[in-house]
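First comes the structure, then the notes that go with it.
The values are calculated or read from the model by the stated rules, or taken from the named source; none is laboratory data. Being a predicted model, the structure only gives us computed values, none of them experimental. Please note: Cβ atoms are built from the backbone with ideal geometry, for glycine as well, and neighbour counts cover all protein chains shown. Just the protein is used for accessible areas: all its heavy atoms, side chains included, with ligands, DNA and RNA removed. Shrake-Rupley method; radii C 1.70, N 1.55, O 1.52, S 1.80 Å.
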Amino acid sequence: MPVEFRDLRWAIAASQHRSLRQAAETLRVKQSTLSRCLRNLEHKVGSTLFERTNGGTRPTIQGLEFLDAARRIVGETEAITARLKTHSRGESGRLIIGIHASLSAGNLRATLLEHRQRFPDVDPHLVDGTGDQLISDLVNSAIDIALVAEPNPRWNDKSLLVWSERVVVALPEHHPLTARNVVHWGELRQETLLLSQHGPGPEFHKLLISKLGASDPCPVLRHDVSLDRLLTLVGAGWGMLLALEGATGAVYPGVTFREVHDAEGPTRLSFRAYWRQANGNPSLRPFLDLLRERYPDLSAEPGTS
């Protein structure tokens, strides 16, 4: 005859209280019901588990061995159940986030830190790439969500406008332009610019063309390395580098940052969050709720998501 999970819990309660009356009160059952359950349990296992006296109910030697195993079973089962519940609510598990820019400062860093504080049991895994690479990863279900600068015409599923970041230029510390509070696009025309093939590098090249009005507006040196390596090259005097304000939180020897302006003021790139509506990862929904809370979509109809 199978032993039920309830039988284990009630036997543990009886051993803790050493009194069927007190155990029954704790379990909110009748004492006769608890007593009958324990006798049925003893019949199922074929052994006397409790010694019943006028002074109370105490486990036998066989009962102590049985209860030790029962506690392990109940504890492990309750732990698994709790983990499954938190996972189904998105409070645990893994979330793969595609990022497009530096997170040493700015909204991306703040968003990831707040998510970590709210959901410490969620394991965020970050994937870097260009906008097109991250959109391809989304299509192939390799990532759960992508945070990408500038609208992507290839995407026809869910998206949310989140934040914008100012465009800055990283200058060698002794360059004459460091004497200015801001740098204008036209002042970059004769400068050598380093351009990464990662992150928002393609967007920066489009900006150069649109702002300076030529397909080759200035000397551009493309490198297939990460942002921190390019900033090291800037400090060594190899050239300038366009970046976003999120990159300004770290200090690089010999590097000075300045905002890049046009006639209307600072140049900004907008970021959007992209995800598949059919994504079944429970950890995605709380992250989306956090994004909507921090960056509400004012263009959406009230009550829509």
Practice problem: Those residues that are assigned to a strand (DSSP E or B) and either small (Gly, Ala, Ser) or touching a Gly at 6+ places or on another chain (Cβ under 8 Å) (or both), I need them from the stretch 254-273; list them, please. | Solution: VAL255, GLY265, SER270, ALA273
Quiz item: Got a number for residues in the stretch 98-120 being loosely packed, with under 13 Cβ neighbours inside 10 Å and either touching a Gly at 6+ places or on another chain (Cβ under 8 Å) or over 21 Å from PRO286 (Cα atoms) (or both)?
Solution: 0
Practice problem: Go through the stretch 139-157 residue by residue and tally those that are at pLDDT 90 or above and under 18 Å from THR111 (Cβ atoms). | Solution: 6
Quiz prompt | Lone unmet requirement of (1) aliphatic (A, V, I, L, M); (2) surrounded by fewer than 19 Cβ atoms within 10 Å (Cβ to Cβ); (3) modelled with pLDDT of 90 or more for LEU49 | solution = (2)
Exercise. Give the number of residues within the stretch 1-46 that are surrounded by 13 or more Cβ atoms within 10 Å (Cβ to Cβ), polar (S, T, N, Q) and out of contact with any helix residue (DSSP H, G or I) (no Cβ under 8 Å at 6 or more places or on another chain).
Key: 2
Quiz item: When the stretch 159-180 is examined, which residues are found to be over 36 Å from the mean Cα position of the chain (by Cα) and either among the basic types (Lys, Arg) or closer than 19 Å to GLY249 by Cα (or both)?
Solution: THR178, ARG180
Exercise. Write out, first by first residue and then by second, each pair whose Cβ atoms fall under 8 Å of each other, whose residues are 6+ apart or on separate chains, and whose first residue, in the stretch 235-259, is touching a residue at least 12 places away in the same chain (Cβ under 8 Å) while the second is assigned to a strand (DSSP E or B) and open to solvent by 50 Å² or more (accessible area, probe 1.4 Å).
Key: TRP238/LEU221; GLY239/LEU221; LEU244/ARG166; GLU245/ARG166; GLU259/ARG166; GLU259/PRO266
Quiz item: Considering only the stretch 200-259, how many residues are closer than 19 Å to GLY129 by Cβ and hydroxyl-bearing (Ser, Thr, Tyr)?
Solution: 1
Self-check item: Residue that is surrounded by the most Cβ atoms within 10 Å (Cβ to Cβ) [pool: residues in the stretch 244-275 that are basic (Lys, Arg) and more than 23 Å from ARG118 (Cα to Cα)]
Solution: ARG258
Self-check item: Only listed residue being crowded, with 17+ Cβ neighbours inside 10 Å and acidic (Asp, Glu), chosen from ASP132, ASP137
Solution: ASP137
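Listed here are the residues, each with its yes/no results for (1) without any contact (Cβ under 8 Å) to a residue 60 or more places away in the chain; (2) buried (at least 18 other Cβ atoms within 10 Å of the Cβ); (3) part of a strand (DSSP E or B).
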position	(1), (2), (3)
GLU165	no, yes, yes
VAL183	no, yes, yes
LEU194	yes, yes, yes
PHE204	yes, yes, no
Exercise. Determine which member of the set ARG71, ARG58 is over 30 Å from PRO286 (Cβ atoms), over 49 Å from the mean Cα position of the chain (by Cα) and open to solvent by 60 Å² or more (accessible area, probe 1.4 Å).
Key: ARG58
Exercise. Out of the residues in the stretch 81-112 that are of a type in the set (Val, Ile, Thr) and at pLDDT below 80, state the one that is nearest to ARG272 (Cα to Cα).
Key: THR86
